[in-house]
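J.: Here it is: the structure, laid out below.
The values are calculated or read from the model by the stated rules, or taken from the named source; none is laboratory data. Remember, it's a predicted structure, so these values are computed and weren't measured experimentally. Reconstructed Cβ throughout: ideal geometry from the backbone, glycine too, with neighbour counts over all protein chains shown.
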Amino acid sequence: MTLLTEALSKICPVDAELMAQAQTRLDNKTKPVGSLGRLEEFARRMAAITGSLAPDTEKKVVFTFAGDHGVTDEGVSAFPREVTPQMVYNFLKGGAGINVLARHVGAQVRVVDIGVDHDFGDTPGLIVRKVARGTRNFAQGPAMTREEAVAALEVGIGLANEAKQEGVALVGTGEMGIGNTTPSAAIIAAFSGLPVPAVTHRGTGIGDGALANKVRVIEAGLALNQPDPKDPIDVLAKVGGLEIAGIAGLILGCAANRLPVVVDGFISTAGALVACELNPHVRDYLFAAHQSVEVGHRAMLDRIGAAPILDLQMRLGEGTGGALAMGLIEAGVRILTEMATFEEAGVAEGDY
Ligand SMILES: O=C(O)c1ccc[n+]([C@@H]2O[C@H](COP(=O)([O-])O)[C@@H](O)[C@H]2O)c1
Ligand SMILES: Cc1cc2nc[nH]c2cc1C
């Protein structure tokens with residue numbers, strides 16, 4: 001069995017009984033029923049995912065996948081593609097936004113070269129799983145072969161399997177790839193059939209002219225490649241990206257291992273969408289960290305059926321929103337495990 005078929009076959013619904021037991025415990029805590037709102041949701045879902053009423057959150061790891069995109073030849077980003085490897089070095093030195101926010105919540109950052117158009121040699125700290133030196137320009141043909149897409153999915157699955165083995169408790173997704181809002185918009189347009197202008201936005205900050213060009217490029221790429229929305233790997237291969245595939249695989253692997261996974265912004269959610277289209281139970285294992293500024297993000301989250309935890313007008317990527325949301329998920333779990341019950345504290349219960 002391949003890593004992909006094995007992961008897909010292992011994914012099952014979360015434990016509904018434990019979800020109910022966790023909620024009963026939360027209802028006995030010294031607070032009006034439901035008064036901790038979504039923190040209670042995080043706690044009961046963590047119980048249902050992990051199969052424990054005292055879910056572990058100790059070891060938190062954000063995987064930041066880096067990859068390049070042939071479609072940058074079409075002028076779809078405000079930045080040159082050299083920024084992708086330059087930012088990889090920044091991550092490894094600990095100076096990027098994700099490094100700061102991961103330190104803030106006590107998470108580790110792991111940087112994965114899954115498709116950067118740069119030779120890193122043996123750079124200390126970098127996880128080298130390069131499938132190709134970037135994708136091809138999907139305005140001229142498929143971004144990847146099906147084999148490349150599956151190989152990149154399996155990179156992510158392999159990392160999730162290793163994370164489970166070493167006792168990681170909470171996984172975060174992140175990415176770095178100049179041009180990657182273009183394949184992300186193409187993916188949601190392909191699955192949903194929504195008009196391209198409704199899901200395409202400014203990414204790193206392009207102006208009106210470049211945005212109109214980006215819409216035309218995506219429309220042309222979809223018309224040329226005809227991705228089949230009923231075949232998620234076809235969509236991923238034809239108009240996706242290597243880091244998006246790595247993230248989709250990581251999320252599948254987490255679901256297969258009953259590991260909770262926190263999904264960052266627009267590009268990470270494109271990966272989550274591919275994973276959910278492959279197996280709808282994946283949805284129950286993921287937390288949508290935040291609402292990105294990218295306009296197409298809402299359509300992705302709606303299609304997955306996930307409500308974002310934060311709305312901080314962020315659009316950096318890297319895993320930054322995911323790191324922040326990890327802190328809140330952990331807070332919810334601590335309510336479940338540490339807060340006193342009415343009985344323990346000698347507090348009178350309400351009469352609803
Ligand atoms: O996470 C998001 O919601 C997000 C939204 C816009 C841009 N980004 C980041 O910006 C880069 C892609 O933007 P662009 O304009 O080059 O397609 C890529 O490195 C992403 O991490 C990330
Ligand atoms: C500087 C920079 C940092 C990033 N981090 C994620 N995407 C990015 C894009 C740019 C341009």
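J.: Determine, yes or no, whether residue 160 is among the small types (Gly, Ala, Ser), in contact with a strand residue (DSSP E or B) (Cβ under 8 Å, 6 or more places away or on another chain), away from ligand 1 (no atom under 16 Å from the Cβ) and assigned by the TED database to the domain that holds residue 109.
T.: So residue 160 passes the test.
J.: Could you grab the pairs with beta carbons closer than 7 Å, sequence gap of 6+ or different chains, first residue in region 324-352 and in contact (Cβ under 8 Å) with a residue 40 or more places away in the chain, second one of a type in the set (D, E, K, R) and in a loop (DSSP other than H, G, I, E, B)?
T.: Taking only residues 6 or more apart or on different chains, the pairs are 342/349.
J.: If you don't mind, another one. Taking the condition of being touching a residue at least 24 places away in the same chain (Cβ under 8 Å) and out of contact with any helix residue (DSSP H, G or I) (no Cβ under 8 Å at 6 or more places or on another chain), how many residues in region 90-107 meet it?
T.: Within region 90-107, residues that are touching a residue at least 24 places away in the same chain (Cβ under 8 Å) and out of contact with any helix residue (DSSP H, G or I) (no Cβ under 8 Å at 6 or more places or on another chain) number 2.
J.: Just to verify a result, which residue in region 50-86, among those that are in a strand (DSSP E or B) and away from ligand 2 (no atom under 16 Å from the Cβ), is farthest from residue 114 (Cα to Cα)?
T.: So the residue we want is 60.
J.: Checking the conditions here, which among 96, 66 is within 23 Å of residue 129 (Cα to Cα), touching a strand residue (DSSP E or B) at 6+ places or on another chain (Cβ under 8 Å) and within 12 Å of ligand 1 (Cβ to nearest atom)?
T.: 66
J.: Criterion first (within 16 Å of ligand 2 (Cβ to nearest atom) and of a type in the set (Gly, Ala, Ser)) does residue 107 satisfy it?
T.: no
J.: Quick one: would you say residue 229 is more than 11 Å from ligand 1 (Cβ to nearest atom), in contact with a Cys (Cβ under 9 Å, 6 or more places away or on another chain) and assigned by the TED database to the domain that holds residue 137?
T.: No: the conditions fail for residue 229.
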